[in-house]
1. If the limit is 26 Å between Cα atoms, which of LYS23/LYS70; LYS23/LYS133; LYS72/LYS160 go over it?
2. Taking the Cβ of ALA37 as the center, what net charge do the other residues with Cβ under 14 Å away carry, scoring Lys and Arg +1 and Asp and Glu -1?
3. What chymotrypsin sites (Phe, Trp or Tyr not before Pro) does the range 53-100 have in DSSP loop regions with at most 15 other beta carbons within 10 Å?
Amino acid sequence: MYVCKPLQDAPHIKHKIMGRKTKQASLETRQQILDAAMQEFARRGVSSTSLNDIALAAGVTRGAIYWHFKNKVDIFNAMWTQVESSIDDVELRYRNQFPSEPLSALRQTMIYVLQTTVTDPRRRTLLGILFHKCEFVGDLVSLQQIHQSLYLENYERIEKILRLCIEYKQLDKDLDIRLAAITLRAYICGLIENWLFMPEAYPLETDATRLVDAFIELLKYGLMMRKTCQVQSVEVSQTIGN
């Protein structure tokens with residue numbers, strides 16, 4: 001007859017369990033640090049927050065912070081990655097939901113981005129820090145460089161989606177893709193930044209659909225979004241100048 005060994009007679013099992021507990025505890029500490037950092041960044045501003053401030057708020061030592069993160073920039077980037085990964089997941093979900101309608105997927109993603117800024121406290125707080133509490137000075141200059149590269153990547157991603165929309169004949173082939181990508185990003189970022197600064201100015205969550213549809217209409221029918229209007233714009237500028 002086979003009898004299961006007691007736990008004390010199976011050290012390899014005990015080690016596995018202890019390993020899982022240690023890993024879980026490490027992840028919890030890491031998240032604890034991130035939560036505390038977000039709280040302190042929002043309260044003091046990023047440049048005015050020290051690692052000591054974060055350690056005190058998290059109830060850990062500076063050594064614990066250095067075990068998980070190199071510096072404040074590393075902490076901020078980890079916070080940003082956590083929040084933005086959800087947007088990437090949503091974008092993929094809508095692409096799968098609308099495989100032959102990339103414009104519909106783009107529309108739904110834009111609506112989600114606006115609405116989740118209101119409904120997701122972590123995203124709202126992080127964007128508030130990025131727009132209003134983050135000074136790119138001193139050791140944070142490298143953070144500015146990182147986000148500049150992310151902005152360029154986002155432009156490229158937007159342009160890729162717009163090309164797909166043209167390929168599926170959902171947008172005019174004469175669309176100025178570069179201009180459209182710049183305008184789209186400025187439009188969404190502007191709506192979010194202004195709302196974060198003064199939430200009572202407009203109901204971003206309830207107006208999100210109409211705001212996005214207004215921009216989609218501009219992409220579809222806005223004459224100044226066309227490549228052929230570049231020459232006309234130059235001619236008008238020259239006429240005004242004269």
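1. LYS23/LYS133; LYS72/LYS160
2. My count for the surroundings of ALA37 gives +4.
3. Answer by residue number: there is no such site.
Coordinate-derived values only; no laboratory data. Just so we're clear, the structure is a prediction, and the values are computed from it rather than from any experiment. Quick reminder, even Gly has a Cβ in these numbers, built from the backbone with ideal geometry, and neighbours come from all protein chains shown.
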